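All remarks here apply to the structure that follows.
The values are calculated or read from the model by the stated rules, or taken from the named source; none is laboratory data. Just so we're clear, the structure is a prediction, and the values are computed from it rather than from any experiment. Here the Cβ is made from the backbone with ideal geometry for all residues, glycine too, and neighbour counts use every protein chain on show. Ligands, DNA and RNA are stripped out before the accessible areas are found, and what is left, the full protein with its side chains, is counted by its heavy atoms. Shrake-Rupley method; radii C 1.70, N 1.55, O 1.52, S 1.80 Å.
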Amino acid sequence: MHEAQSAVPIARKPRLRWDREVLLKVIYAATLVLVVLLVMTPLAALIYGSFRSSAPGVEGDWTIANYANLASANLLSTIWLTLLVGVLSAVFCVVIGTAMALIIHRTDFAYKNIITALIGLAFYFPAFILAMAWIILGSPGGLINFLFRDVLGITDGVKIYSVAGIVFVTILHQVPFVYLLMRGPIISMDGVFEEAARAAGARSHHVLFRITLPLLSYSLLSSLILTFVLAIEQFAIPAMLGLPGHITLLPTQIYLLVRFPPTDYGLAAAVGLTLAALTSLAILAQRRVTRAGRMATVTGKAGHLRTLPLGRWRWAANTFCFGFVFLSLILPSLILIYMSVIKWYVSNPFLAQYTLRNYEFIWNSADAHKSIWNTLIVSGVGGIFGVALAFLTSYFTVRLKPPSYRLLDFTASLPFGVPGMVMALGFLWAYAYLPLPFYGTLALIIVAFITRYLPYATEAIGGQLVQIDKSLEEAAWVGGATKLGGLRRILLPLSLPSIQGAYFLLFMAFFREMSSVVLLFTSNSKVISISIWGFFEGADWGLASSFSVLTTLIIFGVIWLIVWLMPAARRV
């Protein structure tokens, strides 16, 4: 009888293990279905819409005229101009960003920590706020042209509403991204190659161009392609600087086709797929470069990286680094503060009448409060769901690898090549037909943001899961733990730093995102970026500037809070 009683718990253990294995399979199936629905629904709807002659939800005919219209002179010109802006922006960004990384981390530059911190803040400075600040500075009646015209007597001043203006502001916005990409490879490079060249009598500039830069060639090419993608999918900068100057790029062309009559949703879908094809090809090229062309720059031998003396070039290095920070962060912040505290725009700050009425208006505005709360909800709640889905996706594609895991991996990576504006247009088409009360809600915006940035969070978390030795899980399994138990007790605690970093990444991306929401919002689902865009479209510069100042303060405050609560977020 005693033996029969003692056998009871032993008989239940396999059943419990079986139940948990089934639960894990159910979680995998749910993850796969959810990711496929999130990603493929807007893409399929966009493809469907590109062959329709009517707007979403309206009866129409099947047609290929939308693709035939891509060959029109206007659209071909727009495509070539988009590529030109992308190439110019990418080349200048890589040159400037890499030069700054080399100066800061390879020389005896005296202000390494200060410049690194300021570049980090510039990285999180929203594109639409940066563009608006430079409009105030460089417009025909702006401060810079006032100085040129009335002080220096120069009639031909800065023309910010131009292709050069778009490229210039895009460079200011994207250089911090390139710097952060190149910083790691430059710091971790083994110095033995450079020392061998110096021992052979090579001078510093010969070492730079014949040793250092060739060793960084794959990182440079990868950064160039990624920056090109970010430049051609950018909406805020070409919209704010291009539309007043009648300059149209592909993202702004989609916006014009959808928002202003005569609308053409089918042609917008065809243009969106064209833009997605360009970015997807670039992403595919970038991945082939990183996978097929890796060069060992870190070896097991101790190669000390020599700190190069700047000598008589110290002033040039200081001017270069601080000059960029001044143009990309300090000057825009100062001009927005100035614009936010004057009654009406005056180029000469000594003649302006100062007031706090713009801040009082925002303080008392229910719409402004609502947009702030909507942004915090979308960023905070959306970040949690996004990180949870990204962790499960990374676990199944990197660690467990169940049947059809490649489908999950491929589907989750697809949004890498889909610009935010194109994704928003796909959701616009999709939820016009689906019987779901989604359109115009925060839920749809959260879904669009998660879909757009899922690959970024998956890459951030998967990168650490790869580094965790699988023997740790196997030891837990041998000790009686199920796979679900090993996930909860081993992988989840060890991957917590990457989860925190991914949440920080998603929160900040959601907070400043504009292109993915500009076609999906209503008056009840406005976020901060849309409120500022509305002030900009209404030419209310004072309110737009004051809201931008408050937004910047909120962003920097949130950065400090998240970094304080989640130390691992400092790595992002």
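Does residue 133 count as open to solvent by 60 Å² or more (accessible area, probe 1.4 Å), farther than 30 Å from residue 311 by Cα, of a type in the set (A, V, I, L, M, F, W, C) and modelled with pLDDT of 90 or more? Give the derivation first.
Working: open to solvent by 60 Å² or more (accessible area, probe 1.4 Å): no; farther than 30 Å from residue 311 by Cα: yes; of a type in the set (A, V, I, L, M, F, W, C): yes; modelled with pLDDT of 90 or more: yes.
Answer is no for this residue.
Of all residues in the stretch 442-457 being open to solvent by 20 Å² or more (accessible area, probe 1.4 Å) and among the hydroxyl-bearing types (Ser, Thr, Tyr), which is nearest to residue 39 (Cα to Cα)?
Filtering first and then ranking leaves 453.
Taking into account only those residues within the stretch 536-550 that are farther than 15 Å from residue 335 by Cβ and modelled with pLDDT under 90, which is surrounded by the fewest Cβ atoms within 10 Å (Cβ to Cβ)? Give the derivation first.
In the first step, residues of the stretch 536-550 are kept if they are farther than 15 Å from residue 335 by Cβ; the result is 537-540, 543, 550.
Imposing the further condition that a residue be modelled with pLDDT under 90 reduces the set to 537-540.
Working: 537: 12, 538: 10, 539: 8, 540: 15.
Step by step, filter the stretch 536-550, then rank; the result is 539.
Give the residues of the stretch 112-144 that are in contact (Cβ under 8 Å) with a residue 24 or more places away in the chain and small (Gly, Ala, Ser), sorted by residue number.
Scanning the stretch 112-144 gives 120, 122, 127, 131, 133, 138, 141, 142.
Are any of the residues in the stretch 36-57 open to solvent by 40 Å² or more (accessible area, probe 1.4 Å), on the phi > 0 side of the Ramachandran plot and at pLDDT below 90?
Yes, because at least one residue in the stretch 36-57 is open to solvent by 40 Å² or more (accessible area, probe 1.4 Å), on the phi > 0 side of the Ramachandran plot and at pLDDT below 90.
Among the candidates 527, 558, which residue alone is over 27 Å from residue 426 (Cβ atoms) and β-branched (Val, Ile, Thr)? I'd like the intermediate steps shown before the answer.
Numbers: 527 fails: over 27 Å from residue 426 (Cβ atoms).
Only one candidate qualifies: 558.
As an exercise: evaluate residue 390 against (1) at pLDDT 90 or above; (2) farther than 30 Å from residue 502 by Cβ and give the number of the one condition it does not meet.
In the conditions (1) at pLDDT 90 or above; (2) farther than 30 Å from residue 502 by Cβ, residue 390 misses (2) alone.
Within the stretch 157-166, does at least one residue satisfy the condition of being at pLDDT below 85 and either open to solvent by 30 Å² or more (accessible area, probe 1.4 Å) or farther than 16 Å from residue 324 by Cβ (or both)?
Yes, the stretch 157-166 contains a residue that is at pLDDT below 85 and either open to solvent by 30 Å² or more (accessible area, probe 1.4 Å) or farther than 16 Å from residue 324 by Cβ (or both).
Scan 434, 428 and give me the residue that is farther than 21 Å from residue 390 by Cα and surrounded by 21 or more Cβ atoms within 10 Å (Cβ to Cβ).
Numbers: 434 fails: surrounded by 21 or more Cβ atoms within 10 Å (Cβ to Cβ).
Of 434, 428, the one residue that is farther than 21 Å from residue 390 by Cα and surrounded by 21 or more Cβ atoms within 10 Å (Cβ to Cβ) is 428.
How many residues, within the stretch 244-274, are open to solvent by 20 Å² or more (accessible area, probe 1.4 Å) and among the aromatic types (Phe, Trp, Tyr)?
2
Looking at the structure I just gave you, is residue 532 open to solvent by 10 Å² or more (accessible area, probe 1.4 Å), touching a residue at least 24 places away in the same chain (Cβ under 8 Å) and under 20 Å from the mean Cα position of the chain (by Cα)?
Numbers: open to solvent by 10 Å² or more (accessible area, probe 1.4 Å): no; touching a residue at least 24 places away in the same chain (Cβ under 8 Å): yes; under 20 Å from the mean Cα position of the chain (by Cα): yes.
So residue 532 fails the test.
Of the residues that make up the stretch 215-231, is at least one open to solvent by 50 Å² or more (accessible area, probe 1.4 Å), modelled with pLDDT of 80 or more and either under 27 Å from residue 134 (Cα atoms) or over 16 Å from the mean Cα position of the chain (by Cα) (or both)?
We begin by selecting, within the stretch 215-231, every residue open to solvent by 50 Å² or more (accessible area, probe 1.4 Å); these are 218, 221, 224.
Filter once more, keeping what is modelled with pLDDT of 80 or more: 221, 224.
Still in the list and also either under 27 Å from residue 134 (Cα atoms) or over 16 Å from the mean Cα position of the chain (by Cα) (or both): 221, 224.
Taking every residue of the stretch 215-231 in turn, at least one turns out to be open to solvent by 50 Å² or more (accessible area, probe 1.4 Å), modelled with pLDDT of 80 or more and either under 27 Å from residue 134 (Cα atoms) or over 16 Å from the mean Cα position of the chain (by Cα) (or both).
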